[in-house]
Amino acid sequence: MGIIVNLDVVMAKRKMMLKDLSKKTGISNVNLSILKQSKAKAIRFSTLEVICEALDCQPGDILSFEK
Amino acid sequence: MKSKFNYIGIAVVLIGLILVLKALGGVIGLYWLIPVFSLSIFNIYQSAISDDKYARKVYNHRLNFMVSKSVETIHTEIEPDLLFDKVVEEIRKSKLRISYASRKERLVAISTPMSLRSWGERIYFEVVEKGKNADLIIESIAPGQVISYGKNKENTKKLIQHIEDSFTI
């Protein structure tokens with residue numbers, strides 16, 4: 001399985017829509033969708049930082065590892 | 001995106017045609033102007049239709065020897081519509097001019113302008129559905145250029161690298 005992106009779970013907990021997160025972070029809807037579906041090749045620390053700030057969470061809430 | 005060998009390729013073809021006419025014998029007179037004029041008109045036509053939906057068909061026609069092209073495919077695990085949006089977004093970011101885009105056909109065409117050194121280049125991005133995933137076909141076409149001396153392939157590789165890098169978010 002590898003690295004799983006739990007962005008949708010955190011967003012649902014915060015009751016935040018994708019477009020709202022996009023507005024808050026400045027990351028495009030398309031890139032957030034790719035990230036949400038765990039299809040991104042890599043994630044920058046700067047991206048992680050703005051997402052964590054917008055969702056008021058820790059990087060560990062967004063990313064997890066499954067064998 | 002320009003090839004400095006553009007005119008060399010055309011000149012080679014024209015000289016070849018003139019030599020064929022000479023070999024056929026007889027007085028050529030100004031008849032040599034016919035192929036020169038015809039090919040020039042055809043190249044202008046190819047450049048003029050670049051924004052047209054059907055230009056790709058003209059460029060890819062098996063009898064059209066006045067184009068050079070390079071085709072590469074990227075395999076992705078992304079849904080077709082999402083990949084299409086991603087491609088459009090990346091093209092807009094890179095400030096290339098989109099000459100044609102259709103979500104229905106999942107096809108985007110960009111073109112570089114004609115200059116003294118080049119007839120301009122057309123690049124087609126086509127998203128092809130593969131089950132739940134999609135492939136991205138990048139086709140770089142240089143109308144009016146018989147040989148691109150690897151320039152097309154080089155440009156396609158650059159685009160592939162740019163798109164692959166864009167998946168680092």
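What residue, of A:46, A:38, is polar (S, T, N, Q), closer than 18 Å to residue B:77 by Cα and either surrounded by 13 or more Cβ atoms within 10 Å (Cβ to Cβ) or within 14 Å of another protein chain (Cβ to nearest Cβ) (or both)? Break it down into steps so the answer makes sense when it comes.
Numbers: A:46 fails: closer than 18 Å to residue B:77 by Cα.
Only one candidate passes the filter, namely A:38.
Could you tell me whether residue A:30 is over 21 Å from residue A:2 (Cα atoms), among the hydrophobic types (A, V, I, L, M, F, W, C) and either at the interface with chain B (Cβ under 10 Å from one of its Cβ atoms) or in contact with a Cys (Cβ under 7 Å, 6 or more places away or on another chain) (or both)?
On the way: over 21 Å from residue A:2 (Cα atoms): yes; among the hydrophobic types (A, V, I, L, M, F, W, C): yes; either at the interface with chain B (Cβ under 10 Å from one of its Cβ atoms) or in contact with a Cys (Cβ under 7 Å, 6 or more places away or on another chain) (or both): yes.
The answer is yes for residue A:30.
Would you check if there is a residue in the stretch B:71-82 being away from chain A (no Cβ under 14 Å) and closer than 24 Å to residue A:36 by Cα? Working first, answer last.
So in the stretch B:71-82, the residues away from chain A (no Cβ under 14 Å) come out as B:71-73.
Of the ones still in play, those that are also closer than 24 Å to residue A:36 by Cα are none.
No, the stretch B:71-82 contains no residue that is away from chain A (no Cβ under 14 Å) and closer than 24 Å to residue A:36 by Cα.
Sort out for me the strands (runs of 3 or more DSSP E) sitting completely within the stretch B:68-169 that have 1 or more residues that are without any contact (Cβ under 8 Å) to a residue 24 or more places away in the chain.
Details: elements: B:98-102, B:107-111, B:122-130, B:133-143.
Those strands (runs of 3 or more DSSP E) span B:98-102, B:107-111, B:122-130.
Is at least one residue of the stretch A:50-65 more than 27 Å from residue B:80 (Cβ to Cβ), in contact (Cβ under 8 Å) with a residue 40 or more places away in the chain, of a type in the set (A, V, I, L, M) and touching a Leu at 6+ places or on another chain (Cβ under 8 Å)?
Taking every residue of the stretch A:50-65 in turn, at least one turns out to be more than 27 Å from residue B:80 (Cβ to Cβ), in contact (Cβ under 8 Å) with a residue 40 or more places away in the chain, of a type in the set (A, V, I, L, M) and touching a Leu at 6+ places or on another chain (Cβ under 8 Å).
This table checks each residue for (1) farther than 13 Å from residue B:136 by Cβ; (2) modelled with pLDDT of 80 or more; (3) surrounded by fewer than 19 Cβ atoms within 10 Å (Cβ to Cβ); (4) over 18 Å from the mean Cα position of the chain (by Cα).
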site	(1), (2), (3), (4)
B:73	no, yes, yes, no
B:77	no, yes, yes, yes
B:83	no, yes, no, yes
B:86	no, yes, no, yes
B:103	yes, yes, yes, yes
B:110	yes, yes, no, no
B:113	yes, no, yes, no
B:118	yes, no, no, no
B:121	yes, no, no, no
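Does the stretch A:21-35 contain any residue that is among the charged types (D, E, K, R), buried (at least 17 other Cβ atoms within 10 Å of the Cβ) and under 18 Å from residue B:85 (Cβ atoms)? Full working, then the answer.
Kept after step one, since they are among the charged types (D, E, K, R), are these residues of the stretch A:21-35: A:23-24.
Cutting the leftovers down to buried (at least 17 other Cβ atoms within 10 Å of the Cβ) gives us none.
So far as the stretch A:21-35 goes, no, none of its residues is among the charged types (D, E, K, R), buried (at least 17 other Cβ atoms within 10 Å of the Cβ) and under 18 Å from residue B:85 (Cβ atoms).
Give the residues of the stretch B:136-169 that are surrounded by fewer than 22 Cβ atoms within 10 Å (Cβ to Cβ) and within 14 Å of chain A (Cβ to nearest Cβ), sorted by residue number.
Those that are surrounded by fewer than 22 Cβ atoms within 10 Å (Cβ to Cβ) and within 14 Å of chain A (Cβ to nearest Cβ): B:160, B:161, B:162, B:163, B:164, B:165, B:166, B:167, B:168, B:169.
The values are calculated or read from the model by the stated rules, or taken from the named source; none is laboratory data. The model shown is predicted, which means the values in this text are computed figures rather than measured ones. We place every Cβ from the backbone using ideal geometry, glycine too, and count neighbours over all the protein chains shown.
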